[in-house]
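A quick write-up on the structure given underneath.
The values are calculated or read from the model by the stated rules, or taken from the named source; none is laboratory data. The structure presented is a predicted model; accordingly, all values stated were derived computationally and were not measured. Here the Cβ positions follow ideal geometry from the backbone for every residue, glycine too, while neighbour counts run over all protein chains shown. Protein only, heavy atoms only, side chains kept; ligands, DNA and RNA dropped before computing areas. Shrake-Rupley method; radii C 1.70, N 1.55, O 1.52, S 1.80 Å.
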Amino acid sequence: MSEMWTTAVAGAAAGLGVAMPLGAVGVLLIQEGMRDRRNAVAAAAAVAVVDLAYAATATALGPLVASALSGVEAWVRLVSAAVLTVIAVRGLWASRQPGDGSATVVTQAPGGALRTFTRFAALTLVNPTTALYFVALTTAQGASLSGGAAGAVFVAGVFVASFVWQQVLVAASGFTGARIGAKARAWTFRAGYGLVAVYAVKVALPLP
């Protein structure tokens, strides 16, 4: 049971690592929350569902890739750690330049909950960083996620953490009544990509 809790926490941390950085989709989600709470809840669910889909796909394929590369696991972990490090460094660098356009506000026409869900799912799907993040992470942890139960618990942790975070953004947008400032947005980048950097170190150790 303790191993499952550890896996669930790892999944939650991975979910927060990909969800917390407040980019363009996050800003659009906040805008949606200011306009229509019901549509915003649907939008937040869409983002979390796409994170779930990416995590599930990567969790299913990651152990297979790791198995095929049996004998060079340490080097696979180092490559995965390098990919995660690049993602973290790029994200942390972006947090130093909050006005670089990564979180540009885009006005979207209002629509029903289903239309909003579809729009936000599409916006999240086209983000290659999310897919790369989960592939690197799950490939490096192939052995620990090889069991069906462990993989399911990890993916569930990702989904719950992402879903809760997106709903927090929706709730916060109802109180702020205005665009989140550049400084607050930069701190979400630092927190989220900081988690990614921690994961990179965890994946890399022990060194070959």
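Per-residue counts of other Cβ atoms within 10 Å, averaged by peptide: what ranking do you get for 3-13, 36-46, highest first? Write down the numbers at each step before the final one.
Values: 3-13: 17.3, 36-46: 21.5.
The densest-packed peptide leads the list: 36-46, 3-13.
Give me the 1.4 Å probe accessible area per residue for segment 2-63, excluding ligands and nucleic acids, in Å².
Numbers: 2340 Å² over 62 residues.
About 38 Å² of surface per residue is accessible.
Assuming R0 = 35 Å, can you tell me the calculated FRET efficiency for the pair residue 114 and residue 183, based on Cβ-Cβ distance, to the nearest 0.05?
Working: r = 35 Å, r/R0 = 1.01.
Efficiency computed from Cβ-Cβ geometry: 0.50.
Could you sort 85-94, 160-169 so that the peptide with the highest average Cβ count within 10 Å comes first and the rest follow in order? Walk me through the numbers on the way to the answer.
Working: 85-94: 17.7, 160-169: 20.5.
Output ranking for 85-94, 160-169: 160-169, 85-94.
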